[in-house]
Amino acid sequence: RSQRQVARAHEDFFLVSVQLEGSCWIAQGGRETRLAPGQFAIYDTRRPYELLLEEDYQQAVLRIPCATLKARAPDCDAQTAQAIAAASSSARRLIHQVREACRGTRLSRPALAEALLGAVGGGLRGDADSRAATPHSRRTLLARIKAHVVAHLGDPQLTVPGLSLIHI
């Protein structure tokens, strides 16, 4: 989402990407993170952001008004593009609630909204243990892949699908 798209849209929401399967990259405000299954992260529709979806994935995206999320997590503006660890209780609760919502939960809409907001807010307010470790930024990973390709240019086994199998 470019600056021009942001200016035209006049939206005032945070989007919450809940990674159910596969992975994706989210970048905003000089930060980037890779979401793995069970993790979630927020990004702000009032600012440019980038999503990179390189493989098959399943993801739920929640749209929360900025004021609503700020009431739950006052410093959420500073937490965009930061993965919340799948092992955190907030991420586990959020995944459970999203899956229940997809199955047609018996909760009323207000109760479901409260449960989802509680899990997102809890993850954003959590301690450092709720932050997912991001071993490599996308730029670092790309640089390592390029270096691997250059080092193995003469290798007939070097293929694009094969790159996904190497551990860089």
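Between beta-carbons, use under 15 Å as the cut-off and find the net charge around Q3, counting Lys and Arg +1, Asp and Glu -1. Show your work: numbers first, answer last.
Details: positive: R1, R4, R8, R46, R47; negative: E11, D44, E50.
Overall, the nearby charge balance is +2.
In whole Å and largest first, what semi-axes does the C-alpha gyration tensor of segment 1-89 yield when each eigenvalue is scaled by 5 and square-rooted?
Details: eigenvalues 83, 53, 24 Å².
Value: 20, 16, 11 Å, ordered largest first.
Would you tally the net charge around L94, using a Cβ to Cβ cut-off of less than 14 Å, leaving L94 out, and scoring K and R as +1, D and E as -1?
Working: positive: R72, R92, R93, R99, R125; negative: E100, E114.
The answer is +3.
List every residue whose amide H lies under 5 Å from the amide H of L20, counting only residues 5 or more places away in sequence or on a different chain, with H placed 1.01 Å from N in the peptide plane.
So L20 has HN proximity to G38, Q58, Q59, A60.
Could the peptides 35-42, 23-30, 11-18 be put in order, highest first, of the mean number of other beta-carbon atoms found within 10 Å of their residues? Mind showing how you got there, number by number?
On the way: 35-42: 22.8, 23-30: 17.5, 11-18: 20.1.
The most tightly packed comes first, giving 35-42, 11-18, 23-30.
Spelling out what I want: for every residue of segment 85-99, take phi, set θ = phi - 60°, compute 6.51 cos²θ - 1.76 cosθ + 1.60 (Karplus), and round to whole Hz; glycine and proline get x.
For segment 85-99, the Karplus curve yields 4, 4, 7, 5, 4, 5, 5, 4, 5, 5, 4, 4, 5, 5, 5 Hz.
Please list, in order along segment 106-113, the HN-Hα scalar couplings obtained from phi with the Karplus expression 6.51 cos²θ - 1.76 cosθ + 1.60 (θ = phi - 60°), rounded to whole Hz, x for Gly and Pro.
Rounded to whole hertz, the list is 8, 5, 5, 4, x, 5, 5, 4.
Where a number appears in this text, it was derived from the coordinates with a stated rule and is not lab data. None of the values given here were measured: they were computed from a predicted structure. When we count neighbours, we look across all protein chains shown, and the Cβ atoms used for this are built from the backbone with ideal geometry, even at glycine.
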